[in-house]
Each structure stands twice: as C-alpha cells, then as structure tokens.
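Just so it is clear, none of the values below were taken in a lab; they were calculated from the coordinates. All values derive from a computational prediction rather than experimental measurement. When we count neighbours, we look across all protein chains shown, and the Cβ atoms used for this are built from the backbone with ideal geometry, even at glycine.
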Amino acid sequence: MRAVFDIGSNSVRLAVAELDSGKLREEKEYLAFSRLAEGRAVDGTLTEAAIDRTLAAVQSLYPKLPAAAQGPGHLLVTATAAVRQAPNAGQLTDRLTDLVQVPVRILSPVEEGYYGYTGATADAPVSREEAIVLDIGGGSTELSFYHEGRFQSQSFPYGCLVLKDRPEEIKALVVALDRYLETIDLKGRTCIGVGGTLTTLAGIVLGLAAYDGQAIHQAAIKRLDWLRFMAAYAGMTAEERAAIPTLAPERRDTILPGLLILDLVCKALGLEGYLASTKDSLQGLLLSDLYEESGQGRHV
C-alpha cells in the first residue's frame, strides 16, 4: 500500500492506494485547508500561525492513514512552492518529520510539474505532444508539456493565495509569462487544468449540487464560462457566494485571483478553454519510484 501527504500552499492532501501491476486501485483522497502561503513575508518567510495550521491539518488527516501505508517505503511526504520558497522552511519540515516519522521531500519546480503532468495525462484523451498541463496552486502556477520529445515545465511564483494577498503581483506574472512565451511556441495545444481552482470552477459550471469527481474529470470548460462566472461572482453578496454548493468556504476569497491567472494564461496561449482533471500530482507521486528513496528527504 502507498500513501502521500502533499503539503501545498493552500491545503494539505492525503492520498492512499494499492499499486497493482502499475495501476492504482482502491484509491482514496482526503483534504484539509491550511493556507500555508497566506500572510507570507515578501521573502517567502512563513508565519508561525500558518505553520501551526499546516501541522494541525496533517494531524487531522493522519487517522485516515492505514497502518500498512505508514513509514518509509510506503509513505511519501512532499512539499511544494510555499515550503520551497521559505527561508524558514525547516521550522515546518522538522516538526512535520517528527510527526509522521518520514523525511519531507521538497519538490523542485520541475519535479512538481512532472508529477502533476504524469497524473493528469495518464488517462487524457489527447497525446503527450498535444497536451499542456496548467496547475494553478496557492503559491505558484506551473505549465508542463513535452516539446521536441523532451519534458519541460515552467513555474511562476504566483498562485491564487499570492494574488489574494498581493494583487499588484499580477503585473509581474504578465511580464514573466510574456517573456517565457517569447522563447517557445505552445499554441494549438489542449490544456488540461488541475488544482482546486480549476476543478471547483468545473463543478460550478456543471451546476453540481455537491463535489463529484467523476462528473468533473475531463469536463470541457470554455473561456466564456469562467468570464461569465467571474462577472457574476464579483457582484455577489457574501450570502450569495456562500450559497454556491461546490465552492468551499476556504476558496471564496481565492477563486477570483485563481481565475484571473487562468484567463491570463489562456489568452497568452491562444486557448478558449481547458479540460478539467481531478487526477494530478497525487496520482503522479503514487505511481512514482520515489518510494524506493522515501527514507531520504531533501531540505533546501
């Protein structure tokens, strides 16, 4: 049995599954919001409150972890942008290692993009060369794809929590995105969207009464869909926003910044929509060979 704790910038996720002949079965996923990236200093320093919230989120999910999925060789603990960028990352990772008894692996931007791409494209209805995976997180945004037979991933240090806290950073994202796309032609691809912002939007567009991963997975979402929602949401009262059934309370103040990132990226790439994917880095990690080295964490 395999399991992974993903320490994200906005939430902590736990996935547990059996690996059978290279396929995942009996997979279960759990989530707890932590907002690790919220209130960070400009240099990325994490607040004590955010560290405490993240540890509490892991503790709340730990009872879901079967005994057979605990310990090195069975459990991975990975961290992404908020931890990667933090000068005081050790204040979290040391305590987290003590809690779960497995070293924390801090994923590089390329690793984060690769495992997200692997998970999202495993059952995608497009070829490897046609797909581009867009992952909008709390602390960063990744574009991952194959170009001329090589995997490539570009990470931008702007996610929905970053723009919520510092909306002026949108200008820096536009500049960084334009500069990057001057170096490579990615137009004409099929965009696969992963992350809570994009799956939440899919649930809203589909009119779901509750989150339904099967209905959301591979749903085609058009640019007109999110532009209409953004315009409507901006004019809603707090009560009206709270009445949206598939919008978690913790996403009410980050959904618009996240969708602004989506719109900027799609305009830059000449895209009119995306395919939502509930499969992402969790599945990519569960299928990876990192379990063979899970006794050796990496701190940066």
Space enclosed by the convex hull of the alpha-carbon atoms of the chain, per residue, Å³: 130
Just to be sure I understand: of the beta bridges DSSP finds with both ends in the range 2-108, what percent are antiparallel, rounded to 5? 70
Local charge sum around Ala238 (other residues, Cβ-Cβ under 13 Å, Lys/Arg +1, Asp/Glu -1)? -1
How big is the antiparallel share of DSSP beta bridges in the chain, given as a percent to the nearest 5? 65
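Kindly provide the helix-only [θ] at 222 nm of the chain, computed as the sum of -39,500 (n - 2.57) over DSSP H runs of four or more divided by all residues, to the nearest 500 deg cm²/dmol?
-10500 deg cm²/dmol
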What translational diffusion coefficient, to the nearest whole µm²/s, does the range 2-108 have by Stokes-Einstein, given a Kirkwood radius computed over alpha-carbon pairs, a temperature of 4 °C and 1.567 mPa s viscosity? 93
List the aspartates and glutamates whose Cα lies under 19 Å from the Cα of Lys187, skipping any in the same chain that are fewer than 8 positions away. Glu129, Glu130, Asp135, Glu142, Glu148, Asp178, Asp263, Glu272
About its Cα centre, the chain carries a charge dipole, from +1 on Lys and Arg Cβ atoms and -1 on Asp and Glu Cβ atoms, whose size in debye to the nearest 20 is 300
Rounded to one decimal in nm, the spacing of the 7 Å Cα→Cβ label points at Glu26 and Leu61 is 2.0
Modelled label-to-label distance, Ala49 and Glu168, 7 Å Cα→beta-carbon offset: nm? 2.2
Order of 261-269, 96-104 by packing, highest average Cβ count within 10 Å first? 261-269, 96-104
Mind checking which lysines have their Cα closer than 18 Å to the Cα of Lys279? Skip sequence neighbours fewer than 8 apart in that chain. Lys23, Lys28
Could you tell me the center-to-center distance, by alpha carbons, between the range 202-274 and the range 113-178 in angstrom? 17
Binned at 5 Å starting from 0, the alpha-carbon pair-distance distribution of the range 124-278 in whole percents comes out as 2, 9, 19, 23, 21, 14, 8, 3, 1, 0
At a Cα cut-off below 13 Å, give the aspartates and glutamates reachable from Lys64, other chains included and same-chain residues fewer than 8 away excluded. Glu27, Glu29
Average Cα contact separation per residue, the range 1-149, under 8 Å, 6 or more apart, as relative contact order %: 22
Hey, got a sec? Which trypsin sites (Lys or Arg not before Pro) in the range 62-119 land in a DSSP loop and have at most 13 other Cβ atoms within 10 Å? none
